1. Residues in segment B:70-84: is at least one closer than 23 Å to A:Asp15 by Cβ, surrounded by fewer than 14 Cβ atoms within 10 Å (Cβ to Cβ) and among the charged types (D, E, K, R)?
2. Looking at segment C:1-12, which of its residues are at pLDDT 95 or above and in a loop (DSSP other than H, G, I, E, B)?
3. Could you check segment A:276-303 and list, in sequence order, the residues that are crowded, with 19+ Cβ neighbours inside 10 Å and in contact with a helix residue (DSSP H, G or I) (Cβ under 9 Å, 6 or more places away or on another chain)?
4. Given the residues C:Ala43, C:Ala24, C:Ala37, C:Ala32, which is the only one that is within 11 Å of another protein chain (Cβ to nearest Cβ) and of a type in the set (Gly, Ala, Ser)?
5. For segment C:29-46, what are the residues that are over 18 Å from C:Glu96 (Cβ atoms), more than 19 Å from the chain's Cα centre (by Cα) and either outside the structural domain of C:Ile90 (by TED's automatic domain parsing) or not in a strand (DSSP E or B) (or both)?
6. Being at pLDDT 90 or above and hydroxyl-bearing (Ser, Thr, Tyr) is the filter here, so list the residues in segment C:140-176 that pass it.
7. Would you confirm whether any residue within segment A:245-265 is modelled with pLDDT of 95 or more, surrounded by 17 or more Cβ atoms within 10 Å (Cβ to Cβ) and over 27 Å from the mean Cα position of the chain (by Cα)?
8. Can you name the number of the only condition in (1) closer than 22 Å to A:Val90 by Cβ; (2) polar (S, T, N, Q); (3) out of contact with any helix residue (DSSP H, G or I) (no Cβ under 7 Å at 6 or more places or on another chain) that A:Asn368 fails?
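The values are calculated or read from the model by the stated rules, or taken from the named source; none is laboratory data. Being a predicted model, the structure only gives us computed values, none of them experimental. Glycine also receives a Cβ, built like all others from the backbone with ideal geometry; neighbour counts cover every protein chain displayed.
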Amino acid sequence: MEKLRYERPIIRRLDSEMPNKFGMRTDYRPTTQIEGVAVKTLIEEFGSPLFVISEKVLRSQYRKARKAFTTRYPKVQFAWSYKTNYISAVCNVFHQEGSWAEVVSGFEFQKALGNGVEGSKIIFNGPDKSEEDLEMAIKHNSLIHIDHLDELYTLTELADRHKTKPRVAIRVNMDTGVYPMWDRFGFNYENGQAWDALNKIMHSGKLELVGLHCHIGTFMLSTQAYAVAAGKLAELAIGVQRKFNHTIKYIDMGGGFTSKNTLKGAYLPGSDTNPSFDDYAEAITTALLNADFTAEYLPTLILETGRALVDEAGYVLGTVISNKRSSKGKRITIVDIGVNLMFTSFWYDHKVTPAQEFTQYAEDTTLNGPLCMNIDVIRESVSLPLLNKGDNIVVHSVGAYNMTQWMQFITLRPAVVMIDVDGKPHIIREKENLNTVNGQERIPIHLNRFEL
Amino acid sequence: MRIKKNIAISESGFMFNPITGESFTVNPIGTEILQMINDGFESDQIIEAICNKYQVDQHTFDKDLTDFTGMLDHHHLSQHHDKEEA
Amino acid sequence: MTRKKLNIAVTGLNAIDSPGPGVAVIRGLLEAKSFDANIVGLAYESLEPGIYMHNLVSKTYQVPYPSAGVDVLLDRLQFIHQKEHLDVIIPNFDAELYSYIKIEGELNAMGIHIFLPTMTQLEERHKINLFDFGKKYAIKVPKSKVIYEISDIYDLQKEFEMPVVVKGKFYDAGIASNIDQVKSLFKKISAKWGLPIIIQEFVQGTEFNITGLGDGKGNTIAAVPMRKQYITDKGKAWGGISIADQTMLDLTNHFIGSTKWRGGFELELMKDKNNEFNLLEINPRMPAWIYLAVGVGQNIPEALVRMALGEEVTPYTTYDIGKMFIRYAWDMIVDISEFQKISTSGEL
């Protein structure tokens, strides 16, 4: 006779609590497969833990975003935010869809060039651009977004030296009514710094002012803030047109759109509350269309959204290492996914689902990673079905930032697999090995030998 | 180990402790184990019975059983001597 | 003529010392003259008293918390709908309104009707936005400011006179009579409920409440003003009396007319020393004392159901003045087998 599926025995005290408006209980369905490929098969073939990216979701997210903007505004260009996920296969999906590249370091710039992005379609942002970086950008005719006056002066010198007119924009920061205000990047709008920088650029005659850029924050739950920001950039662009008879070619609204993740401390899940592409598009394009641009001078709208395009496409699969109990009797489940791989677990309550069928019985569980560090907590408190050692779990919406901010700490970084639109998995980043670490190290001769 | 005599266990896995007034729910396999405990099974007999019936190895189940009986102790539902405890 | 039968699901069965409105709403529905209501309870926890009131509620189902997301909620409602053929759902918890408004389209497709404020109405009356709300609709609200940083407190002295009310984003409030107390409340409340913190002018006076129903087109379908006579230590009315204050009724008509409010609501008002009403809070649903409205001749739950079904409802224009509600606690005797059933199967 075939044996029945096992579930460990549990007992739960019925605590009679009145409904607290802020009570947490999560209901689950198992995630047995991703894009038609069984989770078990993926783990058998590529190991655990494992990052998995759905190419289908990448493309559908991009198309949703593009449609939201292009149906409302005539000239739209997306630029893929490399820092969000710069694994080349991921970048190239977006490049195939028509995205330019948006980079914030010399390293990312080279990565974009290496992927085959034309220099003129690379936007170079960020406060740290060395002279060599800037020269590289000038040589490739890239779009340089100036962050501070020191950079502006360096660029002016380089323009002289190379007898060329670099294409530039300035980054503008402003009060959009949200907190915190990101005023450490770029030039402030309200106190006149931005206008001052624009005057300097126009009067110098050495730089070609092509755009205006802002990036008002991250995980912005308010779409109204974008409307305010777009309105202010439009005012600057119209000011430049009037004073210098010079046309600003594009307005770059940066990124900061939310994904469907739930921020820690939020009551309702992000999937219910966070704005959609249509909501953002409506706010931004309405503000631009209502500004005083004449039809022929309507600037191109550039968007650098990263998280909202890639987060939902990423999963991390893991395996239960052990079940324990705390001294107070609380369930602790240890899995092989730690905060070294999932930086985002510091600010999201990531959705976690078992990868196999289960019953309706659940336990309030602390989900710990494998590191021997007390801070290695994936979920502080989550009601999870009964997991056995060796069972698999799936953490959802991890496509943004984790595969760039992950740490090589205690363990090596796992493989990343992309499932293509036909449901075929491809390794897009190999699992690290000892040589990944040791290969970069050098041991001075006198430290070569020892006896114990 | 025994379950305290006055504690009622229903087939649906509902337990009521009439002395403390506390109620508990137990999943089906837990109910099955409680029944075996009440029928006087010792742990090795329970392990054998469960491992024969379900897809589980002895080590895993031994550990889970220890955890389960530990929780019965934690909730003061079990007694380890024949004398009645409150 | 036989009256039509309606299956109506109601939440908020927690008739406890800080009560949900569910049980009072149900009493109104059962006294409706235009239909026969069969009540299905929707409960979150197994000890909500309404679950056990079998003379009011024919069957109760547990539903997932709003924090589980709308997909899980819809799944559960579909299951319940298959068995109970619901015509209308009346959600009564603030925290669940967002989810129900969000799924109105799906519910309608299933043949279930709700009658709730729009998402914009729900958001703009939120505590954080109330000051702007007052400005937009020319309603007097206490001056308030949303602050994120403790250093912002020092600027308050220029704008506010002490004492002030320090409020959390969702819950909790305290009165501070100097800057140090503001600071300590800021720390205490923000640690619990997060940022921002709302600083509100302290208005001294007498508390009044009014409940009503708007048709979503700017018309007042019902309105009953009440003065609280006995207030519990949780700030809930334990006794109150219907009153004839034309200013309150005018204010309510203005509120409904200018916002085009859709659904039931309660306005919490403070009458200050100049005899002016200050709007302290807008609850976007019927209050727990809604049965007083039924008792004085305005069956707001009944009218709400009829509006949800798209019927023409003649507005109520009169009500009995000087009728009181006096709340009492009532101990039911329940066998543990009932508690067992709802706890283990999620149905009773």
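1. Yes: one or more hits.
2. The one that is at pLDDT 95 or above and in a loop (DSSP other than H, G, I, E, B): C:Thr11.
3. Within segment A:276-303, A:Phe277, A:Tyr280, A:Ala281, A:Ala283, A:Ile284, A:Thr285, A:Ala287, A:Leu288, A:Pro299, A:Leu301, A:Leu303 meet the criteria.
4. The conditions single out C:Ala43.
5. C:Leu30, C:Glu31, C:Ala32, C:Lys33, C:Ser34
6. Across segment C:140-176, the qualifying residue is only C:Ser144.
7. yes
8. Answer for A:Asn368: the failing condition is (1).
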